[in-house]
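Have a look at the structure below, then the notes.
The values are calculated or read from the model by the stated rules, or taken from the named source; none is laboratory data. Computed from a predicted structure; not experimentally measured. Cβ sites come from the backbone with ideal geometry, for glycine too, and all protein chains shown count toward neighbours. What goes into the accessible areas is simple: the full protein's heavy atoms, side chains included, and nothing from ligands, DNA or RNA. Shrake-Rupley method; radii C 1.70, N 1.55, O 1.52, S 1.80 Å.
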Amino acid sequence: MRIFFTCLLGFLLVGIWPAQGRRTTSSEENGNHAPSLWDGIDVKGKYFALNRFGNSTAYLRENNDLTLGALAFDKAQKCYWQFEETGKTGCYYIKNATSGLYIQSTKRGLSQQVPTGNQPVEFKIAKDETPGAATRGYYYLCSTDQNISNATDGTLGLNYANGSVVAFHIKTGRGNSYWEITEVPYEYEVPPFAAVPEITNEAEALKYTLLTESGSTLACVDGKPVLESRQADPRQSWFFAGTGNAREGYLIVSGTGTGQTLNTDGEGDYKVETTDIPTRWFVKTVEKDGYTWLSFIPHSQKENQEGHLTVNGDSLFRLDNYRSAFSLASQIYFLPCGTKGEMFLNALSVTGRDVLKELHYASTGQPAGYYTLYTRDKGRVAIGRPFHLQLDLGQTAPEGMIHVYFDWNADGVFETAYSYEANSQLEQDFPVPDTAREGKTRMRIRLTANGLQGAEDDVWGATYDFILDVAPPQEDRTVIVRPNGSGRGRSFIRKDTEERDTLTAAYGEEITVEAVPQGNAAFIGWRQGHTIVSTQPVYTFTLTENKELEACFSPNTRKGTDAVTSAERKKETDFTYTTEPGVIKIRSNAPLHSAALYGSNGIRMRRSTHNELSTLGLPRDTYILKVQTAAGESGKKIVLP
């Protein structure tokens, strides 16, 4: 009977984990002959799970904020670990198999959470051999940059603390500092993409572009996978079909709508075709150069990791959103994903001698989410001229980075990128290229600590989008003033003895504007965009940018003074124009603020803040010309010759 229960106990302990290897049993731990897991074990190419001994809800994992945690084992989390030998007995680098990051030193503040990072840190991994100790037979793990002993308190190692993993004493008997180590198959289940269950669900599928390390894009040409330069071509679009990476793998399906899948014959020959037995792929993630790369292995060969999909020497692929010709023409931006982290912006400014309209952002605290689209103000920069960007961070983070992106050709893709270490402040001049497209575009700021560099990659921190207008350069600056309502008051620029609504002056010149209420209206303040810049009716400033100032008055309730007929208002907003080769010339009854030309599809083709609007390069067609003046907006249909 004793033999039966001993065997049963051994079976239960070994069978708890359905893995390729096994952990030591209680009978082995308490016996003198029990070998260490590390004795004679080749750890190369193997994967392990670590849990606080006896606790099935405390498996070591890497959190998204690059700290260590411990919860129930989950194939959808970064719970898989590898050990790299350092050349010293019992010493290893401990690497997360999914992220490729290493556990960092445990020599830190007591009970401080332990992070992961790019730098390998040597760890001592040893079994507690103390007779009678509750932790006997289990392992402590501590960095070797300290004196190591588990006889007394002093040495700090990995310690389980209510879902977190912190630095704490490894003294024998301290259960939270001792771990079971089990060899397991690598079955990380969450791929970094969205998939549909079947090929027939293509209408619901999110399509991707597969980029390679060489900068090329995977395409389907004449039934073969080839590499091409990126363009808006359905042959370069792919989607994934399947329900599980470890269970069955995924089909890689061409986005051309033909139902063709990417298949291999196992000998290095690939075809994109329709077949009754398509190749299912095991998707392996590889962290490299700050990106999560994908390696595709035939599912039948996932155990020996052979047969990686290789096209023209490239075997690592990175996902990006597929851009259709419509999305590029419509300047559609993809909403980034992420998680709110420590870093955020306190303030941002776009200034400089060549800036036509400054942009200023100031926060009232950390945003509620990880993404902010700032539309309260926008800047205007000059083609071919630099501007000065200043960022003030409210908080930085270990290994944090600042990434700045621009979409100068206004197609919805951030093609220009800059990266900096995240300090509390960044000041940098940026060029606007001569090829920048005139009109509205975006600047994106990513503050992240997850090592990813792409403009649309997940962020651990915060992402901000700001709107920039790109316009021809101006040596002088223009000031426009207007009241906030007819009959409430007058506003004007005082130049010598003259009063005017519009003034063009040199950069740095001192300008004075005045507001005079009418009737019983009261002056409230000068407003620029959404910001009150002065509450004085006489406002003097140095001209560094184009300004449109609105004099804000309270209503004038005196009878008859605030009434304007629709005919009078239409006359005020009306304008005339003439078309000449390459230009439209505009004359308006009220001071002109801006003019814009729209195509028949509603897309804005040109914009100007002057009385001339360029039409160079536009085909002969029917357009809508909209003009914004101090009196309001008006529009007319025109035909370009």
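The figures follow:
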{"read-out": "Subset of region 171-198 (residues that are assigned to a helix (DSSP H, G or I) and buried (at least 19 other Cβ atoms within 10 Å of the Cβ))", "value": "ASN176, SER177"}
{"read-out": "Of all residues making up region 409-421, the number that are out of contact with any strand residue (DSSP E or B) (no Cβ under 6 Å at 6 or more places or on another chain) and crowded, with 16+ Cβ neighbours inside 10 Å", "value": "4"}
{"read-out": "Neighbours by Cβ (under 8 Å, 6+ apart or cross-chain): first from region 240-255, without any contact (Cβ under 8 Å) to a residue 40 or more places away in the chain and in a strand (DSSP E or B); second among the charged types (D, E, K, R) and open to solvent by 10 Å² or more (accessible area, probe 1.4 Å)", "value": "SER254/ARG235"}
{"read-out": "Within region 456-488, considering residues that are among the aromatic types (Phe, Trp, Tyr) and within 14 Å of MET443 (Cα to Cα), the one nearest to the chain's Cα centre (by Cα)", "value": "TYR464"}
{"read-out": "Selection from region 608-626 of residues that are of a type outside the set (D, E, K, R), surrounded by 11 or more Cβ atoms within 10 Å (Cβ to Cβ) and not in a loop (DSSP other than H, G, I, E, B)", "value": "SER608, LEU613, SER614, TYR623, ILE624, LEU625"}
{"read-out": "Test set (1) at pLDDT below 95; (2) open to solvent by less than 40 Å² (accessible area, probe 1.4 Å) - ARG376 fails condition number", "value": "(2)"}
{"read-out": "Subset tally (residues that are open to solvent by 50 Å² or more (accessible area, probe 1.4 Å), assigned to a loop (DSSP other than H, G, I, E, B) and of a type in the set (D, E, K, R)) for region 100-130", "value": "3"}
{"read-out": "One residue from GLN231, GLN236 being touching a Ser or Thr at 6+ places or on another chain (Cβ under 9 Å), within 22 Å of ALA325 (Cα to Cα) and surrounded by 15 or more Cβ atoms within 10 Å (Cβ to Cβ)", "value": "GLN236"}
{"read-out": "Index of the failed condition, LEU206 passing every other in (1) among the hydrophobic types (A, V, I, L, M, F, W, C); (2) modelled with pLDDT of 95 or more; (3) open to solvent by 30 Å² or more (accessible area, probe 1.4 Å)", "value": "(2)"}
{"read-out": "Strands (runs of 3 or more DSSP E) enclosed by region 420-523 - at least 1 residues per element that are under 30 Å from LEU328 (Cα atoms) and acidic (Asp, Glu)", "value": "425-431, 459-471"}
{"read-out": "Residue count, region 467-505 (criterion: in contact with a strand residue (DSSP E or B) (Cβ under 8 Å, 6 or more places away or on another chain), open to solvent by less than 60 Å² (accessible area, probe 1.4 Å) and more than 30 Å from ALA410 (Cα to Cα))", "value": "13"}
{"read-out": "Where a residue in region 57-80 is within 23 Å of ASN245 (Cα to Cα) and assigned to a loop (DSSP other than H, G, I, E, B) and its partner, wherever it lies, is of a type in the set (S, T, N, Q) and open to solvent by 50 Å² or more (accessible area, probe 1.4 Å), with Cβ under 7 Å and at least six apart", "value": "ASN64/THR339; ALA72/SER56; ALA72/THR57"}
